[in-house]
Structure formats: C-alpha cells, structure tokens
Amino acid sequence: MKRSAAVFICLLLYAAMASGALDKREYETKKIDLPITIDGTIDEASWKNAQWLEDFHMYYPYDNKEASQHTTFAILYDENFVYVAIKANDNHPEKIVKRLTRKDELDGDWIGIQFDSYNDLQTAYCFNVSAAGTKRDVFISGDGDVSDDSYNPIWWVETTITSEGWVAEMKIPFSQFRFINSYEQTWGVQVERYIQRMEERSLWQPKKRDDPGWVHHYGKMNGLVDIQAKKVLDLYPYVVGGLETYEKEEGNPYRDGLDAITNYGLDGKIGLTNNLTLDFTINPDFGQVEADPANVNLSGFELFFPEKRPFFIEGNSILSFPLMFGDGDLANDNLFYSRRIGRSPHYDPANDSTFSSIPNNTTILGAAKITGRTDKGLSIGIMESVTAKEKAKYTMNDTETGKLTAEPLTNYSMVSLRQDFNNGNALLGGTFTSVNRNIEDTHLDYLHKNAYSGGLDFTKYWKDKTWFFTAKGVFSHVNGNENALYETQTSSTHNFQRPDADHVSLDTSATSLSGYGGNINFGKSGGGKVSFVSAVYFKSPGLELNDMGYVRHVDDIITINWMGYRINEPFSIFKNVGLNFNHWSSFDFSGKYLGMGGNTNMYGTFKNNYEMSFGVNLNTKEISTSHLHGGPSYHLPGSTNQWIWAGSDARKKVRITANVSFSNGFYKYYYSQWYSVGISYKPIDMVELSINPSYNPSNNKQQYVWEANDESPNNYVLATLDRKTFNASVRANLNITPDLSFQLWAQPYFSSGEYSNYKHVIDADNSNYEDRFMMLSKGKDISFDSENDIYNVDVEKSGSNAYSFSNPNFNEKYFLMNFVARWEYRPGSVLFFVWSQNRGHSGALASQSFGNDVSDIWQENSNHTFLVKLSYRIGI
C-alpha cells in the first residue's frame, strides 16, 4: 500500500509539473463558399457555424491571470480572403474608450489578430483596430525583436458598439500574406485585446512578459486547405501640383518670389512569387513628409536623422544591418542609412559674387526592392536605386551664367540574406552594399568613386531563447582619387592627421581605404527577473561607411556590461519596477585607454498609472581623440549626470510629463541643464493637442573654436561657450474619420551662443587640467576687429605665429511648420494637401532677450510651399 501511495504521489507531482507548462492552443478554421459582408454586425450564418474560442489571459498588468472581460473570436476563409470576427464583451460598455486617431496611431480600446503565415516562429502579420475603427498594421520579424509599422496592406474592417461591448469584423486578402505552397497548412495565430480604462492587455495564447521572444509562443491555426497564393499587383500612379512663394531677392535671377511645382510618378507592388514581392518607385515624391527639426550642430560630427519617406521605411528591417545593439549614438551605426539616397547635392558654386540655384534634394530616378522569405527560412532583401546627375545653375558678377554638376549620377545597391536554423534558434545573415558614382567633373573629385561594405552576423539561442550569443563582423572599402581619400582621412570620423597617433598616418597619395568592425556579445534575456549582456564593440581606423551607411566615429574598442532587474507583477504601490546597471570602457586601436563610465537607473509604473524614472551617470577622465578636430588627443575632466522623468496617466484627456537633467564636469569645466515639459490634451475623441517645450542652458570652458593651419605647429583655440537653447514641438491632430485626418506640426527654435575667455592649447596631454592651455588675455594676446568681425592673436605675445579666426558667436532663430490633410478616399488611394512654412535668421550677435528673439522671428521673411498630391491604387 505504501509503495502504491508513493507511486500515486509521484504521478500527481508529474501531472502537476506538466500542467504548469503553457501548452500550444489550437484553432480549427473552416472554408466557406459565400463571401461575408464586412459591416461589423457578425450576423451571417457562416459566423454561427464557426468555431468560437475564448479563455483569454492577462499579459499586463498581471502574468497569466484570467482576463477581467470576456473575449471570443472566430476565423473563416474562402478562395480569396481570411475573415476574422472578435467579440469584445464589456460589463460596462458605456466606459469603452473610443478615440479617433490617424492610421497606425491607436488610442482607446483595441483588438488585434496576428498570423505567422510561414509558421516559421519568427515573422507575423498583425492587424489591429480600435473601437473607433482606426487601423494599425504591423509586420513582426526576429521573433518580435523588430516591429515594422510601415507595413501597409490592403484590408477591410468595421467596428460596432453593442449593448454587450463592441465587435470587430475583418476581411484580409490572401494576397497580403506570404506563405509556403502546400495543400494543407498550419499557421501560427495570436489574438490580443487592450482595455484602456483598466490598462489591461490580454492574450488568447497565454505568455509571460519575461518569456523571451514573441512569435514562437503563438497558438496554432489548422484547417487551411488548398489555399492558393494570390500574387499582388498594385500600381499607384500619382500627380503633384503646387506653388512655392518666398521674398524676392534683388539681383538674384533664381529668387523671383514664386516657383511652380509639378511632378508625376508611379509606385508599385508586384508579387514575383508566392514568397517574393517587388516594390518599386519611379520618380518618387515625398512632399507630404514632415521636415527634419532645426538644430545647431557644434560637435563636428554629422547629425543622424530618422527616415520618414514611406518607400524606404517599409520593409526596412531586412535591409538594416546595425553594428551595435541598444540605444544612443552607437545604435545608429549601420551599413544602410537610407537618407543617403536622394540627399541634398554635395556641391554649391555660390560665393560672394555668385548666385546659384540647386535642387533641395537629389532626384531619385527610380528605386526597387525585392523582399521575402522562402519556405526554408531564408529572408531575402535586395534594393537598387539610381539618383540623377543634378546641375546647379549659377550667375557670376551679373554677367556670366552657366551650369555645373552639383551631384553625379549615382547607383546604390544592396543585398541582404538571413537564414534561420532550428526553428529560429540559430540565425546566420549577410549583407553587401555598393555605391558607384559617375564622376566626370574635377570639382567633384573629393567624392568617392566607389564604396563597398558588407557584413556577416551569427546568433545562437538556448533554453527557449533565454540565453544568446551573437557575433557580427563588417568590412568597408572605398576608392577615388587623392583628393577624395584626403577628405576621408581628415574627416571628423577618422582624423588620421592627429600628430600623436602612432597607429595611423595621413597618406596624401592614397586612392583607397579599407577597414573592419563588429561586435561580440553574450547574455541572458528574460526567463526570470534578471537579464544581462556583456559585449565588445570595435571599429578599425579605416572603417568608412558614410556613402551608403552611417558611422559617427571609428578607431574604437568599447567593452560594455549591462544588467537589469525586473519586477513585472504589481506589488505595494507599483505595477512594475525595473533597475538597470551599466558599465563601459573605451580604447583606441593602439590599445590606448580612453576612459570609462557607468550608469544606474530605475523606472517604475505606479498603480494609478503615473510613471517615473531617474538615473545617475559617472564618466571618468576622458582622452578624446576628436575634441581638437584632428589635433592631438585631449584630456577632458570627468563628469556626472543626474536626471529624473515623470509622467501622469497616459489614458486621461490631459497628460503632463516633465524631465529635468543636470550635467557637471569636474573642475567646473562644464555644466548643462535640461528642462522639458510635455502637455497633451484630448478635448474630444477626434482631437488631440500637444506641446513639448524644452530649455537647455549650458556652459563649456573647453569648447573647440579654431585650428590655425600655418607653417608653425598647429594652434588650437578653445573658449568658454555660454549657450542657451529653447525648442518646442507643437502638434494638433483632427480626425474626422479613420480615413480623413488633418495634422499640424510647428517648431519654434532659438539657440544663442556667446564665446569668451579664449585659450590656446599648449599641452593637450598634460595630467594637470590648468596646464593644458594658456589663457589669451583680451587686448594683450587677443584682440577683436569689429569691422571685419574677426579675432586676431598677437604673434610675439602668444608665443606662436599670428593667426586670426572669425567671430564664433551665433544666434539662430527658426520657425518650421507643416500642415497635412490626408484623405484615403478608397483603399490605397490617397489625396494629400500640404502647406509648409519656414522662416529663419542666423546672426553673430548673441541673444539679449528671449522675448525679442520671438518677436524678431516673425519679422523674418518666410517661405511657403503649397502642394496637392493625388494617388490612385490600381489593384489586381
């Protein structure tokens, strides 16, 4: 009897352990003969005969707790479409939050369905809709690591509020999916619901938040039989007409006050096979795209701006090859930076005696992408683009006129392949890019004639993707004449001319340059409260990616260690809490130690849905190889930074956020303060207003000013920069229907800098802060020539050859505005009306009054652009 009891207890324990696993749920869909009318009523007989499933569980704020509201769904299909019906019952239907927003920007209650049509456990097509009827479609890849909301399929949905809650009825064409060619198929499926007033997300297939990955946790959908691939063929011809008005400029034949704008082109999407799709554009127009925000850049490095053009955003995940993970400046390093294509022309012949007319952007003659994924798990991305040879018109001394090439004819190519193994537990990928310029003019010989880059990456996961190892390597090779390679070697990215750098040297006869980089990291993600990553990231001095990619600085070896601790379940006054620890060290390729730093930060959400985060950074003394813009390495003191951010409940009609940051350098060499506030207001469900002002005063006693290149050793000038910057982003959104919206964006920007206490660098490597420079006494060592607006340094008294430099003070004032009316008058066919305005002023007189600056900007002449763009979808 004792033996039998022991066996019985063991069996019970085994059953209990087995039942604790989250088994894959299954749904059995059915094929129907008659199409379903999408009206949000769900009253067809087909729905009554469908399998309706329920039993949703929370994903947030609790893991796996039974959902507070009842949700059921059903899925049917016919020869051409997948049909989805979801009933989101609610004990208090009068409390359903129904807010109209622009497409892909959901607010209020929403539901969604996600299909892993390849059943590869890696990718998914997501279709979400709010209770107000606003759609959001997303393509997921990398098992949830990448979410591409530029995915823009054609599908239909209607929603209805009922006495029991609300319902959504969808119709999705098979042509919008990619799937394997098989008579009987199984797809992954997940259904999700969000209830805003409760801040509750629930799933049909349960998943915990600390479980790594996303798609591989989906349930299964069986019953798909004899479905045929529907090759998509969508054409979108468009026409554009408009006017640009501005202040007439006397004597300038190219600025007469009015320019007419006309354009036309064709966008298209063609299904090449069941798995591959061709997207192309001929003479694209992006007039409806919001302008980049204003900025005054004193860093010496190129600024990074996010992509906003629809053609280059959609499907970008397969083409992207980042060199580094995470966020911050390093995360922007990439083999593919699509803003290179169609950039502003490189060359401008204008000077004091010359007027010129140059296009704002290089014309993209055409671009095409082939993307897809085979049934063997091979993801494919191929892109080709050609930009035009652009001419700049010029008039010199009111008599001589002509044209000069401002940008050569250029071809951009890219191929990216990524293979999954073992259900996505191992990945191997490769990317190759090329840029080829047809340079026929000597004044453009500072550009690379050819630029190539490529990379390989490998990732291996263990224990249900809790543990991972990643290795990534890249190379680059550029060539051109001596001028082009001289420009590359002396750019802020490379600085080969540094006199104290023994491991690099400036080769004035070089016609090519090669380099490499990569990273190796190992860590644990999820699977408990603790996660960590240890990584090393390296970029050789010769790595050059800035023809088709982006890299800010090279000659770096950086080690990074991160650990995070998460509590996802509500406790005490919190809904969730997280704590992060970071440490990094930096070296150059000679092995020279450059510095290290650390950070700890904490964030949390309270049970009343208020949020808060704060952190502390510490950086030790830094040996900067770029501070003197090609000069010797310069020792900068260490610094600290403290910041705090708080936000009220995002579900309310009024939300307020606030951010405060303080940075201080040792020896009081530097301080910066940042104050910002965000206020959003939703007076009614179809209107949202927001304003986000910020103010940033700073003082830097080691600001780089000038390098005097003459026959003597170079003279590097530093100064104290007192800078004040005010910036605001103002938005107003009005949504009449999910397909008709109006959006206004405006940005006032004021930045003023006044330089003083000029210094001459005398010993950049000195361990004593005060002995690295010599103060230049006003009137003795340095004098200001107000007539010519320059500073002169006395030869004998400063102990160096005489040199002079322009007054570096600045006062930049800009106002940018963009108004866009968008009407999708039929699926895929859109009418845009755009009004853009910009006005600005640049001066050397530092700001004396913020009020005067605001008043002055309205006295400046403004440019206005009015556009109407009409596109029409022709779909087969």
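The values are calculated or read from the model by the stated rules, or taken from the named source; none is laboratory data. A quick note: this is a predicted structure, and the numbers were derived from the prediction, not measured. Every residue, glycine as well, gets a Cβ built from its backbone with ideal geometry; the counts of neighbours run over all protein chains shown. Please note that ligands, DNA and RNA were not included when accessible areas were found on the heavy atoms of the full protein model with its side chains. Shrake-Rupley method; radii C 1.70, N 1.55, O 1.52, S 1.80 Å.
Values computed for the structure shown
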read-out	value
Strands (runs of 3 or more DSSP E) completely within the stretch 795-876 that count 2 or more residues being surrounded by fewer than 14 Cβ atoms within 10 Å (Cβ to Cβ) and at pLDDT 80 or above	810-826
Residue within the stretch 597-608 that is among the basic types (Lys, Arg) and touching a strand residue (DSSP E or B) at 6+ places or on another chain (Cβ under 7 Å) present	yes
Residue match in the stretch 517-534 (condition: among the aliphatic types (A, V, I, L, M) and under 27 Å from Phe321 (Cβ atoms))	yes
Segments classed as strands (runs of 3 or more DSSP E), wholly inside the stretch 207-312, with at least 3 members that are among the hydroxyl-bearing types (Ser, Thr, Tyr) and farther than 19 Å from Ser344 by Cβ	233-245
Test result for Ile679, assigned to a strand (DSSP E or B) and either among the hydrophobic types (A, V, I, L, M, F, W, C) or free of Cβ contacts under 8 Å to residues at least 24 places away in the same chain (or both)	yes
Within the stretch 312-329, tally of residues that are surrounded by fewer than 21 Cβ atoms within 10 Å (Cβ to Cβ) and more than 21 Å from Val554 (Cβ to Cβ)	3
Among residues of the stretch 149-181, those that are over 26 Å from Lys95 (Cβ atoms) and open to solvent by less than 40 Å² (accessible area, probe 1.4 Å), counted	12
Condition met for Val530 (surrounded by fewer than 18 Cβ atoms within 10 Å (Cβ to Cβ) and in contact (Cβ under 8 Å) with a residue 24 or more places away in the chain)	yes
Odd one out for Gly430, checked against (1) modelled with pLDDT under 95; (2) surrounded by fewer than 17 Cβ atoms within 10 Å (Cβ to Cβ); (3) under 19 Å from Phe336 (Cα atoms)	(1)
Test: residue in the stretch 101-113 that is crowded, with 18+ Cβ neighbours inside 10 Å, touching an Asp or Glu at 6+ places or on another chain (Cβ under 6 Å) and within 20 Å of Thr374 (Cα to Cα)	no
Any hit, the stretch 234-244, residues being among the small types (Gly, Ala, Ser), open to solvent by 50 Å² or more (accessible area, probe 1.4 Å) and touching a strand residue (DSSP E or B) at 6+ places or on another chain (Cβ under 8 Å)	no
Pairs, first touching a residue at least 12 places away in the same chain (Cβ under 8 Å) in the stretch 641-653, second of a type in the set (A, V, I, L, M), C-beta under 6 Å, six or more apart	Gln642/Val616; Ile644/Val660; Ala646/Met612; Ala646/Ala658; Ser648/Ile656
Count of residues meeting criterion [assigned to a strand (DSSP E or B) and open to solvent by 10 Å² or more (accessible area, probe 1.4 Å)] in the stretch 57-71	5
Qualifying residue in the stretch 221-232 (condition: open to solvent by 50 Å² or more (accessible area, probe 1.4 Å) and under 29 Å from the mean Cα position of the chain (by Cα))	no
Criterion violated by Tyr246 - all others in (1) modelled with pLDDT of 80 or more; (2) under 30 Å from His553 (Cβ atoms) satisfied	(2)
Residue that is modelled with the highest pLDDT [pool: residues in the stretch 122-169 that are within 28 Å of Gln419 (Cα to Cα), touching a helix residue (DSSP H, G or I) at 6+ places or on another chain (Cβ under 8 Å) and of a type in the set (Gly, Ala, Ser)]	Ala124
Lone unmet requirement of (1) at pLDDT 50 or above; (2) part of a loop (DSSP other than H, G, I, E, B) for Ala21	(1)
Whichever residue in the stretch 504-519 is touching a Gly at 6+ places or on another chain (Cβ under 7 Å) and farther than 26 Å from Phe458 by Cα and, among such residues, is surrounded by the fewest Cβ atoms within 10 Å (Cβ to Cβ)	Thr511
Within the stretch 182-215, considering residues that are open to solvent by 30 Å² or more (accessible area, probe 1.4 Å) and among the charged types (D, E, K, R), the one nearest to Thr371 (Cα to Cα)	Glu184
Residue count, the stretch 330-384 (criterion: buried (at least 21 other Cβ atoms within 10 Å of the Cβ), among the hydroxyl-bearing types (Ser, Thr, Tyr) and not in a loop (DSSP other than H, G, I, E, B))	3
Subset of the stretch 695-726 that is over 17 Å from Asn297 (Cα atoms) and among the polar types (S, T, N, Q) - its residue that is modelled with the highest pLDDT	Asn715
Tally of residues being within 26 Å of the chain's Cα centre (by Cα), open to solvent by 30 Å² or more (accessible area, probe 1.4 Å) and of a type in the set (A, V, I, L, M) across the stretch 436-462	1
Strands (runs of 3 or more DSSP E) wholly inside the stretch 463-567 containing at least 1 residues that are within 23 Å of the chain's Cα centre (by Cα) and among the small types (Gly, Ala, Ser)	467-479, 512-524, 530-539
Any hit, the stretch 748-762, residues being of a type in the set (A, V, I, L, M), under 27 Å from Leu816 (Cβ atoms), assigned to a strand (DSSP E or B) and open to solvent by less than 30 Å² (accessible area, probe 1.4 Å)	no
Scope the stretch 655-672; condition of a type in the set (A, V, I, L, M, F, W, C), part of a strand (DSSP E or B) and open to solvent by 70 Å² or more (accessible area, probe 1.4 Å); matching residues	Ile656, Phe662
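Conditions (1) among the aromatic types (Phe, Trp, Tyr); (2) open to solvent by 30 Å² or more (accessible area, probe 1.4 Å); (3) in contact (Cβ under 8 Å) with a residue 60 or more places away in the chain, marked per residue:
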site: Lys575; (1), (2), (3): no, no, yes
site: Ser586; (1), (2), (3): no, no, no
site: Lys592; (1), (2), (3): no, yes, no
site: Met602; (1), (2), (3): no, yes, no
site: Val616; (1), (2), (3): no, yes, no
site: Ser624; (1), (2), (3): no, no, no
